[in-house]
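Undergrad: One structure, as structure tokens, below. Some questions next.
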Amino acid sequence: MITPLPRSLDPLPGELLAGYVMRLAHRLDVAPDIVLRRSGLVHYQAITRTALSLELPAPRMNDFQVATRLTAAEATALTLLPLAPRYPPIAQSLDVVRAGKRVPALDWLFPAADRYCPDCLAGDGTPLQTDHGGPWRTDWRLPVIFACEHHQRFLEHLCPECRRPLTDRPGQLIARPTIAGLHPAQCRSLIAHGSRRTQRAAQLCGARLDRQPLGLAEFVPEALSALQKKITAMLSPDTPEATASEYFTDLQMVSGLVMITWPKARSTAPGVDARRTDLVLASRQDPSHSLHVSTPPQDARACASILLAADAILSAADLRTALAPLAPVENRTRSGIDPKRHRSWDSTFRRYQDDCSERFRNAAEYLVSTHRRHGRGGSRLPHRGLDYGPQHVPAFLPLEWAEAHLGAFIAAFSMPVLRRTTSAFLVRRALGKSTADAAEFLGLGIAGNGLGTRITSWARRQGTPEAYERALDAIAAELTSAPLIDYRHRRESLADWTLPPDSWHQIAARLERRRSPRYVSDDRARLAVTAYIWTRVTHGETQFAPCPPEARHTPEHEAAWSRVRYDIGHWLKQNKQPYYQQMKPLLDAYADQLIHVIDTERSGRQLARSLAK
């Protein structure tokens, strides 16, 4: 049965559970393990897991309150639970713990005592803090807190004497809790090994963390101080929870890309000495490095540079362009970055993408091809947030759009290739899968493998890998700014259609025939102009027009039709011969009537379906 401890302490503002237990144990002159046991935080072993610093379950909460005489609000404030709605890694850890699983070593949540401010640990001069030290703060566990705003100095992560990290057992609430007599601000790093319990205290470093040598403190530059204030504001109740949660998830994702591709983002953190960041991240290039590539460094100075670069990228007006240098568009192996590093990031993105802001999701999925796939090696998923479907993309991009937005590629590629390829890429955005699937969807009748590869490869060689994606963005905006047309329905409606003989005779009767080597008589002309009307209605290309049923089963007739359709299509497009100059407006008018009939039929069916519901 839990009974009150002989004495207790009032928690300090922002104090961490582990720090409170160490201060209380120091006041009672016992080992922290005694306080842990007598307050119900541990029952049968000395190791208390950091999971308790996330949330105190109801039975342990009751026992802890009885032993320490704290209110429920005071006890809860010692945990990370109040920050969970704003800082997603806490909520993710809580989900794991509540499911009865062991809390994982998350990338963006440090162990119980990993960073510290020496001046905070020294206390504020009051008798209690002078005797038992100042607070180990809860928010020091968050990698995004890299500086103490009150003392305007970076947090430290190494002991000033033994130069070792504070934590060598990340899952433990308090390091070596069975050793009594240590001040809460003393280093608990082990510097020698032995088996005798009476000698264990002598085997620890024991240096005072709150007594740093003169000159060791480094003040925070203005840019980093402003960033720390912004982050602190995000954690405060004044910021909506959803806004803060999305910001920190975005920051985590971009920071991961910054670390993977460093020093590419070095220029986005101006005015900050990033030499320590260079050294810390250079060590991660070693393939044997065991840390997850997106794990923020314990070194607060290096971490601050990374966060500043990431925040600057997130603040850019054009987020997709700002992200582009960090995520090669097509083939990452050509970027000099180990593909495993990006795949590790990709898996994190897939796991947490629903927690990101819509702005970041829309920007990120355009940049790295594996972001949106059905599992590793699976087919590509459709892009989010599009205002058009694959059926709304014409098979042959309108010439005015291509001339307006693809001018940078004209010198290297023909206009037909650009128009055809761009339509396939627009379909792939909405359809997912591959360019081969997009080509099949458009009825191009050609192998889509490699479609567009030459264009994206050329853009990379020019040093502008994102140029084609930006052009696609602009063309997609053109597409959605006009009324959307179901081109797929038009293609399906005309798959077996030919110009009726009566309609052709009515058109031919209005033409003034003149002797010309370009005159085509009999039914061949009717089937050939069918292909021309098809291209007008579907916005396709003559070479992909379906063969008429009349010629489909006879190779000689199909070959003759194919030849004549090109000839007549060329003469109509050239619009120089008097005979075809007369014919063209009549065919165009017929095509416009056919478009009205097909689209009206489509709208009528949709209306009938909606009325039936």
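The values are calculated or read from the model by the stated rules, or taken from the named source; none is laboratory data. If you're wondering where the values come from, they're calculated on a predicted model, not measured in any experiment. Ideal geometry is used to build each Cβ from the backbone, glycine not excepted, and the neighbour counts take in all protein chains shown. Quick note on the areas: whole protein, heavy atoms, side chains included, nothing else; ligands and nucleic acids left out. Shrake-Rupley method; radii C 1.70, N 1.55, O 1.52, S 1.80 Å.
Undergrad: Quick one: Leu17 ticks every box in (1) touching a helix residue (DSSP H, G or I) at 6+ places or on another chain (Cβ under 9 Å); (2) surrounded by fewer than 21 Cβ atoms within 10 Å (Cβ to Cβ) bar one, so which box is it?
TA: Result: Leu17 passes all but (2).
Undergrad: Now a separate question. Which condition breaks for Arg163 when tested against (1) modelled with pLDDT of 90 or more; (2) on the phi > 0 side of the Ramachandran plot?
TA: (1)
Undergrad: In segment 152-173, which residues are free of Cβ contacts under 8 Å to residues at least 40 places away in the same chain and either touching a strand residue (DSSP E or B) at 6+ places or on another chain (Cβ under 9 Å) or crowded, with 18+ Cβ neighbours inside 10 Å (or both)?
TA: The answer is Leu158, Asp168.
Undergrad: Restricting the search to segment 103-141, which residues are in contact with a strand residue (DSSP E or B) (Cβ under 8 Å, 6 or more places away or on another chain) and assigned to a loop (DSSP other than H, G, I, E, B)?
TA: Val103, Pro111, Ala112, Asp114, Arg115, Cys117, Pro135, Trp136
Undergrad: Being outside any helix (DSSP H, G or I), surrounded by 16 or more Cβ atoms within 10 Å (Cβ to Cβ) and in contact (Cβ under 8 Å) with a residue 40 or more places away in the chain is the filter here, so list the residues in segment 464-498 that pass it.
TA: Selection gives Pro465, Glu466, Ile485, Asp486, Leu494, Thr498.
Undergrad: Related question: I'd like to verify a number: residues in segment 238-257 that are open to solvent by 20 Å² or more (accessible area, probe 1.4 Å), assigned to a helix (DSSP H, G or I) and of a type in the set (Asp, Glu), how many?
TA: Qualifying residue count for the region: 2.
Undergrad: Against the condition touching a Phe, Trp or Tyr at 6+ places or on another chain (Cβ under 6 Å), in a loop (DSSP other than H, G, I, E, B) and touching a residue at least 60 places away in the same chain (Cβ under 8 Å), how does Pro11 come out, does it pass?
TA: Yes: the conditions hold for Pro11.
Undergrad: Which of the following residues is under 20 Å from Thr464 (Cβ atoms), open to solvent by less than 70 Å² (accessible area, probe 1.4 Å) and at pLDDT below 80: Ser335, Ser344?
TA: Only one candidate passes the filter, namely Ser335.
Undergrad: Given (1) of a type in the set (A, V, I, L, M); (2) within 30 Å of the chain's Cα centre (by Cα); (3) assigned to a loop (DSSP other than H, G, I, E, B), identify the lone condition not met by Ala91.
TA: For Ala91, the failing item is (3).
Undergrad: Got a number for residues in segment 58-75 being exposed (fewer than 15 other Cβ atoms within 10 Å of the Cβ) and over 10 Å from Gly40 (Cα atoms)?
TA: 5
Undergrad: Still on this structure: Is it the case that segment 310-331 has a residue that's under 29 Å from Phe154 (Cβ atoms), in a loop (DSSP other than H, G, I, E, B), modelled with pLDDT of 80 or more and out of contact with any Cys (no Cβ under 6 Å at 6 or more places or on another chain)?
TA: Within segment 310-331 (the criterion being under 29 Å from Phe154 (Cβ atoms), in a loop (DSSP other than H, G, I, E, B), modelled with pLDDT of 80 or more and out of contact with any Cys (no Cβ under 6 Å at 6 or more places or on another chain)), the answer is yes, since at least one residue qualifies.
Undergrad: For segment 598-613, give me each residue that is under 18 Å from Trp497 (Cβ atoms) and either at pLDDT below 85 or surrounded by 12 or more Cβ atoms within 10 Å (Cβ to Cβ) (or both).
TA: Across segment 598-613, the qualifying residues are Ile598, Asp599, Glu601, Arg602, Arg605.
Undergrad: If you don't mind, another one. Of everything in segment 204-237, what is in a helix (DSSP H, G or I), over 13 Å from Asp311 (Cα atoms) and open to solvent by 50 Å² or more (accessible area, probe 1.4 Å)? Give them in sequence order.
TA: Passing the criteria: Glu222, Thr232.
Undergrad: Has segment 539-555 got at least one residue that is assigned to a helix (DSSP H, G or I), farther than 19 Å from Pro501 by Cβ and at pLDDT below 85?
TA: The answer is yes, given that some residue of segment 539-555 is assigned to a helix (DSSP H, G or I), farther than 19 Å from Pro501 by Cβ and at pLDDT below 85.
Undergrad: Here is a follow-up. If Val97 passes every condition in (1) open to solvent by 30 Å² or more (accessible area, probe 1.4 Å); (2) farther than 23 Å from Asp168 by Cβ but one, which one does it miss?
TA: Every condition holds for Val97 apart from (2).
Undergrad: Give me the pairs: first residue in segment 266-277 and more than 17 Å from Ala316 (Cβ to Cβ) and open to solvent by 20 Å² or more (accessible area, probe 1.4 Å), second residue part of a loop (DSSP other than H, G, I, E, B) and of a type in the set (Asp, Glu), beta-carbon distance under 8 Å, and six or more apart or on different chains, which are they?
TA: Close Cβ pairs satisfying both conditions: Arg276/Asp299.
Undergrad: Of the conditions (1) in contact (Cβ under 8 Å) with a residue 12 or more places away in the chain; (2) touching a Lys or Arg at 6+ places or on another chain (Cβ under 8 Å), Pro85 fails just one. Which one is it?
TA: (2)
Undergrad: Give me the residue from segment 571-591 that is touching a residue at least 12 places away in the same chain (Cβ under 8 Å) and of a type in the set (D, E, K, R) and, out of that set, nearest to Trp497 (Cα to Cα).
TA: Asp588
Undergrad: Which of the residues spanning segment 565-591 are of a type outside the set (D, E, K, R), in a helix (DSSP H, G or I) and within 52 Å of the chain's Cα centre (by Cα)?
TA: Scanning segment 565-591 gives Tyr566, Ile568, Gly569, His570, Trp571, Leu572, Gln574, Pro585, Leu587, Ala589, Tyr590, Ala591.
Undergrad: Would it be correct to say that Ala591 is at pLDDT 90 or above and closer than 29 Å to Leu399 by Cα?
TA: Here the answer is yes, as Ala591 does meet what is asked.
Undergrad: Now for a different question. Name the single residue that is farthest from Leu224 (Cα to Cα) among those in segment 126-145 being open to solvent by less than 30 Å² (accessible area, probe 1.4 Å) and out of contact with any Asp or Glu (no Cβ under 9 Å at 6 or more places or on another chain).
TA: Step by step, filter segment 126-145, then rank; the result is His132.
Undergrad: So which residues in segment 533-551 are more than 45 Å from the chain's Cα centre (by Cα) and of a type outside the set (Asp, Glu)?
TA: Those that are more than 45 Å from the chain's Cα centre (by Cα) and of a type outside the set (Asp, Glu): Cys547, Pro548, Pro549, Ala551.
Undergrad: Out of curiosity, is Ala447 crowded, with 18+ Cβ neighbours inside 10 Å and either modelled with pLDDT of 85 or more or of a type in the set (Gly, Ala, Ser) (or both)?
TA: no
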